[in-house]
Amino acid sequence: MGRAIGETDSNGDLKLYSRSHNDFTKRFPPIADALRELKKQAIFDGEICALDNNGFPRFEWLVNRGRQKGTLVYYIFDLLKLGDVDLRGEPLHKRKRLLTRFLGNHQRLIYVDHMEREGLAMFAGALALGLEGIVAKDAASPYIEGPRETSYWLKIKDQSQKTSGKAGGLIL
């Protein structure tokens, strides 16, 4: 999975890049094309994934610089800006509520829902699927830029065994 920021505008122009500002627009054209279709000004945070035939993320397919394997999707879990409104200081639950209204149903741009309860069951389910873990976030938290963990979110991984090669996890 590859963390990606997507910026769109009303003209269909866009930027798609990594947290370290590497341009992903030409590397992942199906995602760029899907974002262009939105034709609204917004900034998203999410993960680009290459999915196998069973819908599981395959990290090795994403980083392979050769011919792209699998189906590319952009799992969007946060909305940082909508129109001229900077949402980064708003609580996560508000940003996600706006994101659901804005994003709608799309085959390649997929809203990542959250769970407010049953985190242990979700973690067990993720491990049963061969995923590496989950990310737990404070629903009242602002958006904090950067790759570092904060007191607002926690990456919870299975430390007892190696995963099956299916990268990624679920976000609560």
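The values are calculated or read from the model by the stated rules, or taken from the named source; none is laboratory data. This structure is a prediction, so every number in the text was calculated from the model and none was measured. Cβ atoms come from the backbone with ideal geometry, glycine included; neighbour counts cover every protein chain shown.
Inside region 87-108, can you point out the residues that are free of Cβ contacts under 8 Å to residues at least 40 places away in the same chain and among the small types (G, A, S)?
G104
With the structure loaded, tell me whether L14 is without any contact (Cβ under 8 Å) to a residue 24 or more places away in the chain and either in contact with a Ser or Thr (Cβ under 6 Å, 6 or more places away or on another chain) or crowded, with 20+ Cβ neighbours inside 10 Å (or both) or whether it fails that test. Can you show your working first?
Working: without any contact (Cβ under 8 Å) to a residue 24 or more places away in the chain: yes; either in contact with a Ser or Thr (Cβ under 6 Å, 6 or more places away or on another chain) or crowded, with 20+ Cβ neighbours inside 10 Å (or both): yes.
Considered against the rule, which asks whether it is without any contact (Cβ under 8 Å) to a residue 24 or more places away in the chain and either in contact with a Ser or Thr (Cβ under 6 Å, 6 or more places away or on another chain) or crowded, with 20+ Cβ neighbours inside 10 Å (or both), L14 comes out as yes.
Taking region 27-69, which residues are among the hydrophobic types (A, V, I, L, M, F, W, C) and farther than 17 Å from I5 by Cβ? Explain how you work it out, then say what you get.
Of all residues in region 27-69, those among the hydrophobic types (A, V, I, L, M, F, W, C) come to 28, 31-32, 34-35, 38, 42-44, 48-51, 56, 59, 61-63.
Residues satisfying the conditions are A50, L51, F56, F59, W61, V63.
Looking at region 45-71, which of its residues are crowded, with 20+ Cβ neighbours inside 10 Å and in contact with a helix residue (DSSP H, G or I) (Cβ under 8 Å, 6 or more places away or on another chain)?
Passing the criteria: I48, C49, A50.
With a cut-off of at least 1 residues that are under 30 Å from G12 (Cα atoms), of a type in the set (A, V, I, L, M, F, W, C) and at pLDDT 80 or above, name the helices (runs of 4 or more DSSP H) lying wholly within region 53-172. Before you say what the answer is, go through the steps one by one.
Values: elements: 59-63, 92-103, 119-128.
In region 53-172, the matching helices (runs of 4 or more DSSP H) lie at 59-63, 92-103.
Out of region 108-133, which residues are under 14 Å from the mean Cα position of the chain (by Cα) and of a type outside the set (A, V, I, L, M)?
Quick first cut of region 108-133, residues under 14 Å from the mean Cα position of the chain (by Cα) only: 108-114.
Residues satisfying the conditions are R108, Y111, D113, H114.
Quick one: count up the residues across region 109-133 that are more than 20 Å from P91 (Cβ to Cβ), of a type in the set (A, V, I, L, M, F, W, C) and in contact (Cβ under 8 Å) with a residue 12 or more places away in the chain. Can you show your working first?
Start the filter on region 109-133 by keeping residues that are more than 20 Å from P91 (Cβ to Cβ), which leaves 109-110, 118, 120-133.
In the following step, the residues that additionally are of a type in the set (A, V, I, L, M, F, W, C) were identified as 109-110, 120-124, 126-129, 131.
Next cut, in contact (Cβ under 8 Å) with a residue 12 or more places away in the chain only: 109-110, 122-123, 126-127, 129, 131.
Qualifying residue count, region 109-133: 8.
Determine if region 22-29 includes at least one residue that is within 16 Å of I144 (Cα to Cα), free of Cβ contacts under 8 Å to residues at least 12 places away in the same chain and among the acidic types (D, E). Full working, then the answer.
Filtering region 22-29 for residues within 16 Å of I144 (Cα to Cα) gives none.
No, region 22-29 contains no residue that is within 16 Å of I144 (Cα to Cα), free of Cβ contacts under 8 Å to residues at least 12 places away in the same chain and among the acidic types (D, E).
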